[in-house]
Ligand code: MV4
């Protein structure tokens with residue numbers, strides 16, 4: 001007997017296919033949902049059943065909670081997988097799913113809410129022994145307190161919104177004179193953007209790497225980690241290329257970080273998939289945020305550990321135990337993911353339109369997670385990700401060579417894509433050395 005007989009996938013595109021693939025291998029039937037703009041989408045074609053949940057605008061379809069719950073109940077689904085983005089980190093949605101007798105394939109609503117507030121997330125982690133960036137002890141209520149904290153830890157400082165994350169709602173103060181203005185602006189912007197004006201302060205790290213740790217917990221007190229990913233290569237907070245493991249981190253550092261993080265999550269009973277985000281500079285990790293969802297870049301972790309993380313998410317949601325411990329998780333070789341978006345590779349202008357030629361790369365160690373096909377029209381209503389190309393190699397050098405080869409093999413016309421940009425990154429000595437920080441990509445793009 002499969003753990004569930006039918007799952008509704010509350011998402012679109014490649015991640016909807018990714019979840020379907022896990023379901024199919026587990027003998028679980030799938031329900032796709034789609035907007036009117038996605039009637040011809042691959043995630044609809046490949047599902048066992050599909051339900052149209054509304055018009056093109058995401059707020060009326062993929063974010064429409066009553067429509068999603070109705071679709072699940074009408075089709076007799078037993079569980080809902082939210083994918084990433086959309087409602088994946090919405091505690092109210094998780095609660096609504098559970099209130100209708102369905103399983104939410106993700107963490108408890110309490111933990112989603114807890115981590116959605118960055119101040120609570122940091123306080124919780126700090127109390128459990130996870131290292132933080134030097135900064136304020138929780139919320140900074142007024143300008144006087146902001147100046148006091150900044151004077152104590154020293155400028156530059158970053159003023160961050162409690163309800164922010166992923167780069168939204170941050171202001172730098174380079175000197176003490178800038179603190180008042182930065183504080184007032186950050187607070188006003190946070191209130192307007194999130195309906196929550198709480199802010200906190202951190203020492204601004206000037207050249208960190210962005211390293212994140214993948215974890216899974218079950219309902220029975222077991223938590224394991226699957227190592228780290230390096231996500232430093234971002235432009236305007238959009239990741240372009242991710243690696244597992246991080247070129248800057250040693251085996252010992254990974255083990256140490258993993259021990260600290262899993263011990264902390266075990267103490268508060270975290271369940272399902274999660275990612276702890278850290279900044280890494282001068283040999284030190286500092287926790288900044290936790291994501292309570294499956295992430296876009298999860299395949300690089302799957303490639304080096306051999307574990308199907310979506311299958312694990314589904315088993316956990318059904319109440320199964322992990323059935324293995326940390327010692328059973330091994331790390332093999334190196335993996336790289338290139339996010340291929342329908343954008344101009346020089347200007348990053350969106351390039352929606354009709355895909356003409358589509359020929360996927362293949363061969364040893366090559367994986368393509370994509371929902372596009374020849375003749376498919378990339379809609380302009382959603383994010384521009386059209387394919388994730390993931391490669392595995394025994395070493396980082398082998399993975400880089402394999403990614404170059406696979407990108408060159410990829411035939412994709414009709415839309416502009418970031419494939420040429422990825423090829424340039426892979427050939428750059430700075431990237432090849434592995435010694436890059438979060439600022440590397442913006443400088444690389446500006447150099448041209
Ligand atoms: C920081 C930082 C430097 N110092 N915090 C941006 C996204 C959000 N998750 C946290 N971010 C940052 N927090 C301190 N104390 C620099 C960034 C940052 C960044 C972090 C990760 C990846 C890319 C980034 C690009 C710009 C700034």
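The values are calculated or read from the model by the stated rules, or taken from the named source; none is laboratory data. Worth saying up front: this structure is predicted, and the values here are computed from it rather than measured. Neighbour counts are summed over all protein chains in view; Cβ atoms, including those assigned to glycine, are modelled from backbone coordinates with ideal geometry.
A compact table of results
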quantity: Test: residue in the range 212-228 that is touching a helix residue (DSSP H, G or I) at 6+ places or on another chain (Cβ under 8 Å), farther than 30 Å from residue 319 by Cα and either without any contact (Cβ under 8 Å) to a residue 12 or more places away in the chain or surrounded by 15 or more Cβ atoms within 10 Å (Cβ to Cβ) (or both); calculated: no
quantity: Yes/no for residue 53 being more than 27 Å from residue 290 (Cα to Cα) and not assigned by the TED database to the domain that holds residue 312; calculated: yes
quantity: Meets criteria (more than 20 Å from the chain's Cα centre (by Cα) and either within 16 Å of the ligand (Cβ to nearest atom) or within 22 Å of residue 270 (Cβ to Cβ) (or both)) for residue 177; calculated: no
quantity: Residues satisfying the stated conditions in the range 413-429, i.e. in contact with a helix residue (DSSP H, G or I) (Cβ under 6 Å, 6 or more places away or on another chain) and free of Cβ contacts under 8 Å to residues at least 60 places away in the same chain; calculated: 423, 426
quantity: Criterion (more than 16 Å from the ligand (Cβ to nearest atom) and buried (at least 18 other Cβ atoms within 10 Å of the Cβ)) met by exactly one of 417, 347; calculated: 417
quantity: Breaking point among (1) more than 19 Å from residue 373 (Cα to Cα); (2) surrounded by fewer than 23 Cβ atoms within 10 Å (Cβ to Cβ); (3) out of contact with any strand residue (DSSP E or B) (no Cβ under 7 Å at 6 or more places or on another chain), for residue 49; calculated: (3)
quantity: Test: residue in the range 29-38 that is buried (at least 17 other Cβ atoms within 10 Å of the Cβ) and assigned to a helix (DSSP H, G or I); calculated: yes
quantity: Residue tally, condition in contact with a helix residue (DSSP H, G or I) (Cβ under 6 Å, 6 or more places away or on another chain) and within 15 Å of the ligand (Cβ to nearest atom), over the range 132-145; calculated: 4
quantity: The range 276-292: number of residues that are crowded, with 24+ Cβ neighbours inside 10 Å and either closer than 18 Å to residue 390 by Cβ or more than 13 Å from the ligand (Cβ to nearest atom) (or both); calculated: 1
quantity: Enumeration of residues in the range 83-101 that are more than 19 Å from the chain's Cα centre (by Cα) and under 13 Å from residue 64 (Cα atoms); calculated: 92, 96, 97
quantity: From the options 166, 154, 129, residue that is within 10 Å of the ligand (Cβ to nearest atom), at positive phi and not assigned by the TED database to the domain that holds residue 268; calculated: 166
quantity: Flag if residue 295 is within 15 Å of residue 390 (Cβ to Cβ) and in contact with a strand residue (DSSP E or B) (Cβ under 8 Å, 6 or more places away or on another chain); calculated: yes
quantity: Which numbered condition residue 159 fails, given (1) under 28 Å from residue 313 (Cβ atoms); (2) at pLDDT 95 or above; (3) within 16 Å of the ligand (Cβ to nearest atom); (4) buried (at least 17 other Cβ atoms within 10 Å of the Cβ); calculated: (1)
quantity: Residue 149 being touching a residue at least 40 places away in the same chain (Cβ under 8 Å) and more than 27 Å from residue 284 (Cβ to Cβ); calculated: no
quantity: Among the residues listed as 56, 47, the single one being over 18 Å from residue 97 (Cβ atoms), free of Cβ contacts under 8 Å to residues at least 60 places away in the same chain and in a loop (DSSP other than H, G, I, E, B); calculated: 47
quantity: Matching residues in the range 316-330 - criterion: being over 19 Å from residue 294 (Cα atoms) and crowded, with 18+ Cβ neighbours inside 10 Å; calculated: none
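Let's see how each residue does on (1) under 17 Å from residue 335 (Cβ atoms); (2) surrounded by fewer than 15 Cβ atoms within 10 Å (Cβ to Cβ); (3) touching a residue at least 60 places away in the same chain (Cβ under 8 Å):
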| site | (1), (2), (3) |
| --- | --- |
| 351 | no, no, yes |
| 358 | no, no, no |
| 377 | no, no, yes |
| 390 | yes, no, yes |
| 397 | yes, yes, no |
| 411 | no, yes, no |
